[in-house]
Amino acid sequence: MGNTGAFKDNPNNDYSFIAEVALAVNYAAVKLGSDTDSVDLADANSDTGIGFVQSPQATANAPVTVRTAGFSLAKAGSGGITKGDKLTPSTAGTLVATTTATHKVCAIAQETLAEGEIGEIQIISPAVRYDTF
């Protein structure tokens, strides 16, 4: 696990949604779901990530807390991430670094993490294309 001592908790940016699918992994990236007030797993670089799960749910249609602004923890995906990287959603709601113009950037890495490690990110919400950043 990364340096969680520097984690900047801001509960004013935590909002309740309904999990459209099971969101059993804490700190997974999410996007708006198809139902009112719902979220779904953001697992592709074209997804517009809106925040990160703060209270995982093992079942669909259950309430889930999502942090939509400020700082959160997140899990590094394939290849890990480096402090300062622009991050895009990837497999299972993890984040990977991107420099591709059409990828959606939803966060900035606040520390360097190996693949699978959890660490601090700054949320960019709503997600923006890399080439407009």
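Mind telling me which of the residues K31, K75, K86 ends up being modelled with pLDDT of 90 or more, assigned by TED's automatic domain parsing to the domain that holds G119 and over 15 Å from E117 (Cα atoms)?
Of the residues listed, the single one that is modelled with pLDDT of 90 or more, assigned by TED's automatic domain parsing to the domain that holds G119 and over 15 Å from E117 (Cα atoms) is K86.
Just give me the residues in the stretch 34-79 being over 14 Å from N13 (Cβ atoms) and of a type in the set (K, R), in sequence order. Correct list: K75 only.
Conditions (1) surrounded by fewer than 17 Cβ atoms within 10 Å (Cβ to Cβ); (2) part of a loop (DSSP other than H, G, I, E, B), marked per residue:
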{"site": "S16", "(1), (2)": "yes, no"}
{"site": "Y27", "(1), (2)": "no, yes"}
{"site": "G51", "(1), (2)": "no, no"}
{"site": "N61", "(1), (2)": "yes, yes"}
{"site": "V64", "(1), (2)": "no, no"}
{"site": "V96", "(1), (2)": "no, no"}
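Kindly provide the set of residues from the stretch 108-133 that are out of contact with any Asp or Glu (no Cβ under 6 Å at 6 or more places or on another chain) and within 21 Å of A24 (Cα to Cα), ordered by number. Correct list: E115, G116, E117, I118, I121, I123. L73 meets all of the listed conditions (1) surrounded by fewer than 16 Cβ atoms within 10 Å (Cβ to Cβ); (2) in contact with a Gly (Cβ under 7 Å, 6 or more places away or on another chain); (3) not charged (D, E, K, R) but one, namely (1).
The values are calculated or read from the model by the stated rules, or taken from the named source; none is laboratory data. Every value quoted in this text rests on a predicted model; they were computed, and no experiment measured them. Using ideal geometry, Cβ is built from the backbone for each residue, glycine included, and neighbour counts are taken over all protein chains shown.
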